[in-house]
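I have placed the structure first, in the form of structure tokens, so that the comments after it can refer back to it.
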Amino acid sequence: DLADVTGKRIVSTRLHGNVTIREENSIAALEVMSRFAANPKWLIYLPPTMSPSETTSQPGLLEHPAEAFSYFRHAGVPRVVCEEKHMGSRAIVVICRDEGVALKRFGVDGEGQGIVYTRTGRRFFNDPKVETELLQRTAAALTAAKFWEEFESDWFVLDCELMPWSAKAQDLLRQQYAAVGAAASVALRDALAVTSTAAPVEADLSSKRTALAARLGLVERYIQSYRRYCWPTDGLKGLKLAPFHLLASEGRVHTDRDHRWHMDTLARLAATDPVLLVATPYRVADLSSPESVANVTDWWQTLTHGGGEGMVVKPLDFVARGSKGLLQPAIKCRGPEYLRIIYGPEYDLPEHLERLRHRGLSGKRSLALREFCLGIEGLNRFVSGEPLRRVHECVFGVLALESEPVDPRL
């Protein structure tokens, strides 16, 4: 019923009390759901946004693990799980043992044994054949790992990253990032050519040439950065799926398990099909041990110096609370070259970096908490057999909050 998802709504959640959805945000969510979303019977969960770490004061950097560790340490969290951040797009996989389970448990008929959808509820793949093949391979992996028997469930919801980024963001890469790189490269090379020609007449152009050459170097690093997120794919060939949360199965939402359990359990699944599935590398840091923190920081530096995106820092417990209430479920700490894609080729020049250090995170963090609570609430309602309208109240809530005006670079 339209009245279930429109107007101002107050959604009660078990993790964070009441979450208010404003009318104007509900309208935006309804627009997306009506025009672009997959069959809503599949949509029992949408993932939350994620806040970055506090801005660091370390020279030449905008983000560093020290600030993420400090956030959790001050909240009284003793240990954190640090997961490699993949170069892909968020994907939710709802997978059933067969089409009969899809009809019985989800009420979906004639759409196969599951779905892969984006964080805004749209089908991930334009080609149904690729989706079908991926679901079949994932189901076979679940069979090989004996997950159906172990969890006494004929269906699962997996929170994943699907790589490469170019598999979903090809148009964005081509029209935004590649266009900027090409235009900047051509313009700066032409400018350098002009200053070289004029050098005998204008002797004071040497400093200008040096500055232009430096800017060209930054643009070339920018181009190299986004190219790391692209590789050729042909149907399922070349795609990689990295599951990092086993969110739910029959009778249970797995938020009572810590993140190390999720990592190790899904690594067992990935081992059954290493061509398609990827086990997410991770480290556990004891925040009271300088040596442990230094080891994980060194690992982050190794990842990012090699062009990697960075890591996600999570409290060991899936749901963690501090003296002031619920804590961030995850904080991302991105490397300097990945941030070059987000903020532009010259973002780390001193004058730009100083300005960016004044970015505010309170809005992003409030949004992340509310969306996290709504997402988990929706799963709990589905698992406990509540009506679909009650589940969709939470799903629509997450999508509605995504329309709030928050800096998309955060």
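Roll a 1.4 Å probe over the protein heavy atoms and report the accessible area of Arg123 in Å², nearest 10.
80
With a 1.4 Å probe and all protein chains kept in place, how do Ile342, Ile27 rank by accessible area, largest first?
Ranking Ile342, Ile27 by accessible area, largest first, yields Ile27, Ile342.
Counting only pairs 8 or more places apart or on different chains, how many lysine pairs in the chain have C-alpha atoms closer than 22 Å?
24
If I compute solvent accessible area with a 1.4 Å probe over the protein chains, what percent of it on the range 213-261 is carbon and sulfur?
47
Using a Gaussian network model of the chain whose springs link C-alpha atoms within less than 10 Å, name the residue from Thr118, Thr195, Thr272 with the highest mean-square fluctuation.
Sorting by GNM fluctuation, first place goes to Thr195.
Please name which of Gly235, Val313, Tyr45 has its Cα lying farthest along the dipole of the chain towards the positive end, using unit charges on Cβ (Lys, Arg +1; Asp, Glu -1) and the Cα centre as origin.
The Cα lying farthest towards the positive end belongs to Val313.
At 1.4 Å probe size, what's the solvent-accessible area of Leu276? Round to the nearest 10 Å².
So the heavy atoms of Leu276 present about 0 Å² to solvent.
Report Thr297's accessible area, 1.4 Å probe, all protein chains in place, as a number in Å² to the nearest 10.
Answer for Thr297: close to 20 Å² accessible.
Give me the 1.4 Å probe accessible area per residue for the range 275-375, excluding ligands and nucleic acids, in Å².
39
Largest first, how would Glu67, Glu149, Glu309, Glu220 line up by accessible area (1.4 Å probe)?
Reading off the accessible areas and sorting them downward yields Glu149, Glu220, Glu67, Glu309.
Counting other Cβ atoms within 10 Å, keep those with at most 13, restrict to DSSP loop, and tell me which trypsin sites (Lys or Arg not before Pro) in the range 1-96 are left.
Answer in residue order: Lys8, Arg14.
The values are calculated or read from the model by the stated rules, or taken from the named source; none is laboratory data. Here the structure is a predicted model, which means the values were calculated and not measured. A quick note on method: Cβ atoms are made from the backbone with ideal geometry, for glycine too, and the neighbour counts reach across all protein chains shown. Remember, those area values only see protein heavy atoms, side chains included, never the ligands or the DNA or RNA. Shrake-Rupley method; radii C 1.70, N 1.55, O 1.52, S 1.80 Å.
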